[in-house]
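To start, the structure under review is shown below, and the notes come after it.
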Amino acid sequence: MHENKNDAPTSKVFYRPIEASIRWAGLLRYEQVILASVLSPRNLPQSLDCPRWGELRLYTDRIYDGILNGELPFGQNGITTRDTALIESLDLTVRHVDLKRWMRQHYPEQRPGFLFSRSERIAHPVISLETGQAMLVERLALKSALEQCKRQMRELQEQHDALLKQSTVIPACAQCPISDRAEATYLHIIGTMLELMLGQSPSGTPYSSFNSQEAIATAMIAHHGELMGITDRTLQAKFAQARRKLRAAVS
């Protein structure tokens, strides 16, 4: 039976291990090519011209591992037996219900569409221990990055407030430019914050809700547009200068 690539994976009452592996790996459209290349049910070719071949080999090994360790009932033509002579036979089959029960118990994070309905996959999401730990580590990293960003924001705000006070005391401040070292420090801070606010975690989660430099400038103008220097033209110029300075520093 062929599957249109837009259709859901095709389910059957029973499967040969290779047929189950093909569906598990989402390679049903390559089924005829794969079956024509398989001479032994357990000794699959090392490579084949189709995607995710390594996954299919792994899933096949897992199914036979379950059979050999008595975890997955098997038989012939959908009839369960204990005939070990079938292990090396192309006629060996596993029932749909047994395969689903075995996968739920031994690979709970796996819910391929040919075994589990869409409602089952949505209603019973399962997160493996490794995935949960990775998510926790990522959450802690995001929390740390956020705290660092908040500290930098507070420092910048304090420095900005100090400069504003200084400008009221020394009207001619524009004639007293800051040192190159101080300017480089400010530009590094601004550039780093821009990279962080517009960046993503290793898994692709944005560090902030801002998706562009323009969005950051717009938000700053909306909240502090009355302050000196908080204009679109000035912010865009300073942002561009800061990012150039940062790239030059880390290159």
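Things to note:
- Of the listed requirements (1) modelled with pLDDT of 85 or more; (2) touching a Cys at 6+ places or on another chain (Cβ under 9 Å), TYR207 misses just one: (1).
- Any helices (runs of 4 or more DSSP H) falling wholly within the range 30-142 and containing at least 3 residues that are within 15 Å of ALA20 (Cβ to Cβ): 31-37, 53-68, 96-106
- Per-region count, the range 206-251, residues of a type in the set (Phe, Trp, Tyr) and either under 21 Å from THR185 (Cβ atoms) or without any contact (Cβ under 8 Å) to a residue 40 or more places away in the chain (or both): 2
- Taking the range 107-123 as the range and being surrounded by fewer than 12 Cβ atoms within 10 Å (Cβ to Cβ) and either modelled with pLDDT of 85 or more or over 20 Å from the mean Cα position of the chain (by Cα) (or both) as the test, the residues that pass are ARG118, SER119, ALA123.
- Meets criteria (in a helix (DSSP H, G or I) and in contact with a Leu (Cβ under 7 Å, 6 or more places away or on another chain)) for PHE239: yes
- Candidates GLY70, GLY66, filtered to the one that is among the small types (Gly, Ala, Ser) and touching a helix residue (DSSP H, G or I) at 6+ places or on another chain (Cβ under 7 Å): GLY66
The values are calculated or read from the model by the stated rules, or taken from the named source; none is laboratory data. Please read all numbers here as calculations on a predicted model, not as lab measurements. We place every Cβ from the backbone using ideal geometry, glycine too, and count neighbours over all the protein chains shown.
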